[in-house]
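The values are calculated or read from the model by the stated rules, or taken from the named source; none is laboratory data. Note that this is a predicted model, so its numbers are computed, not measured. Cβ coordinates were reconstructed from backbone atoms using ideal geometry, including for glycine residues, and neighbour counts include every protein chain displayed. Accessible surface areas use protein heavy atoms only, side chains included; no ligands, DNA or RNA. Shrake-Rupley method; radii C 1.70, N 1.55, O 1.52, S 1.80 Å.
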Amino acid sequence: MSVIRSTVIGCGSYLPAKCLTNADLSRMVDTSDDWIVQRTGIRQRHIAAEGEMTSDLALNAARAALENAGVDAQDIDTIILATATPDYTFPATAVTVQAGLGIHHGAAFDVHAVCSGFVYALTTADAYIRSGMSKRVLVIGAETFSRILDWNDRTTCVLFGDGAGAVVVEASEGTGDIADRGVLTSHLRSDGRHKDKLYVDGGPSATQTTGHLRMEGREVFKHAVGMITDVIEDAFNETGTTADDLTWFIPHQANKRIIDASARKLGIAPEKVVTTVDRHGNTSAASIPLALDTAVRDGRVKRGDLVLLEAMGGGFTWGSVLLRW
Ligand code: UT7
């Protein structure tokens, strides 16, 4: 049987130049390198320069992805940008990226699912492609979380960083078998009963301000591993695959302890886990494409590899995508 698959044909990423280390943070709030490394695995994170916006980060990542894919910007018909830190309340940051790339056709819009944003955006792109609405989609995760952090709150400001990652996804023909390249299955979930556990205390309708990130870290942690493993088991069950079939596990990079516990619970071997949280911190919607691009460029992820992506974040939202590279 011939089916339409959404195949990733290139990726790219961008990190702002400024690097903030745990030592730097320990001079700003009552924290230490030891505490941050032990509890999270984070050693440093990148911070956008003054005036450098989410769209600037996204544009750099998008250009790198287009170059990697060998695709001209004019051949993109849809841009889906995942962010919780847009340049402005509106228009969508995606249209600024669209204009920056000189694209005047097709559609560009933002997707908002916080840390699960990239998984939501990639799943949306896959649905558009499989329905025939889009042929070639630029999927971007880009964030400037440094702008919504309370830099006096040591329980949150040490955790996050800025960055962007992007992939180019193209319609291709498959057999419907799991040997196909492209997205094989994806699962999205959300549960708004948890919306007060990780949120921003401002917004246009509520306060007419931007607000700051607030999190009940322990509560989020408590739910994370169960939610993550649930949607991954859905992916395994639907495709008849197991942890042993995976070549790479590329999870959302929030906390090394969450990543390790999820991999352990699922029986995924540690050497298959791609981890960048030590260098990037939690970059929300950008974390998966940043980790993916890192592993593609250092030669780990190769054509034909079975790659599992997973994320969980504010809302709560969570989801998984299983794809063949
Ligand atoms: O991407 C979206 C999803 N987000 C996440 O996945 C984050 C999930 N949560 C976490 O990763 C962890 O809960 C944290 C890393 C946020 C916190 O780790 P924890 O092991 O849950 O620590 P805790 O919140 O239980 O805090 C332990 C202690 C507290 O002191 P007391 O009450 O035991 O005296 C905190 O006040 O550590 C203290 N603490 C700190 N100490 C030094 C909290 N933040 C810091 C800090 N430096 N930065």
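Brief remarks follow.
- Put simply, of 147, 181, 136 the only residue that is basic (Lys, Arg), more than 16 Å from the ligand (Cβ to nearest atom) and touching a helix residue (DSSP H, G or I) at 6+ places or on another chain (Cβ under 7 Å) is 136.
- When residue 252 is tested against (1) within 11 Å of the ligand (Cβ to nearest atom); (2) surrounded by fewer than 23 Cβ atoms within 10 Å (Cβ to Cβ), only condition (2) is not met.
- In this entry, residue 154 passes the filter for residues that are assigned by TED's automatic domain parsing to the domain that holds residue 54 and at pLDDT 95 or above.
- Residue in region 46-69 that is open to solvent by 70 Å² or more (accessible area, probe 1.4 Å) and within 16 Å of the ligand (Cβ to nearest atom) present: no
- Exactly one residue among 187, 212, 194, 252 is touching a Cys at 6+ places or on another chain (Cβ under 6 Å) and within 30 Å of residue 87 (Cα to Cα), and that residue is 252.
- Residues of region 301-317 that turn out to be in contact with a strand residue (DSSP E or B) (Cβ under 7 Å, 6 or more places away or on another chain) and away from the ligand (no atom under 16 Å from the Cβ), as a count: 6
- Contacts under 6 angstrom Cβ, first residue in region 125-138 being touching a residue at least 24 places away in the same chain (Cβ under 8 Å) and among the acidic types (Asp, Glu), partner assigned to a strand (DSSP E or B) and open to solvent by less than 60 Å² (accessible area, probe 1.4 Å), 6 or more apart: 126/6; 126/183
- Check on residue 315, of a type outside the set (S, T, N, Q), open to solvent by 10 Å² or more (accessible area, probe 1.4 Å) and touching a helix residue (DSSP H, G or I) at 6+ places or on another chain (Cβ under 7 Å): yes
- Of the residues screened, residue 189 is one that is within 16 Å of the ligand (Cβ to nearest atom), not in a helix (DSSP H, G or I) and not small (Gly, Ala, Ser).
- Tally of residues being in contact (Cβ under 8 Å) with a residue 24 or more places away in the chain and open to solvent by 30 Å² or more (accessible area, probe 1.4 Å) across region 88-109: 7
- Checking region 2-20 against the condition returns a match, with at least one residue being of a type in the set (Phe, Trp, Tyr) and open to solvent by less than 70 Å² (accessible area, probe 1.4 Å).
- Considering the conditions (1) crowded, with 20+ Cβ neighbours inside 10 Å; (2) within 18 Å of residue 288 (Cα to Cα), residue 112 is excluded by exactly one of them, (1).
- Whenever a residue of region 171-200 is in contact (Cβ under 8 Å) with a residue 60 or more places away in the chain, its partners that are open to solvent by 30 Å² or more (accessible area, probe 1.4 Å) and of a type in the set (Phe, Trp, Tyr), lying with C-beta atoms within less than 8 angstrom and at least six residues away or across chains, give the pairs 188/120.
- Of everything listed in (1) in a strand (DSSP E or B); (2) touching a His at 6+ places or on another chain (Cβ under 8 Å), the single unmet condition for residue 183 is (2).
- Meets criteria (open to solvent by less than 10 Å² (accessible area, probe 1.4 Å), among the β-branched types (Val, Ile, Thr) and within 13 Å of the ligand (Cβ to nearest atom)) for residue 169: no
- Scanning region 150-166 for residues that are within 9 Å of the ligand (Cβ to nearest atom), over 16 Å from the mean Cα position of the chain (by Cα) and of a type outside the set (Asp, Glu) turns up 154, 155, 156, 157, 158.
- Counted residues, region 207-242 - those being away from the ligand (no atom under 16 Å from the Cβ), surrounded by 17 or more Cβ atoms within 10 Å (Cβ to Cβ) and small (Gly, Ala, Ser): 1
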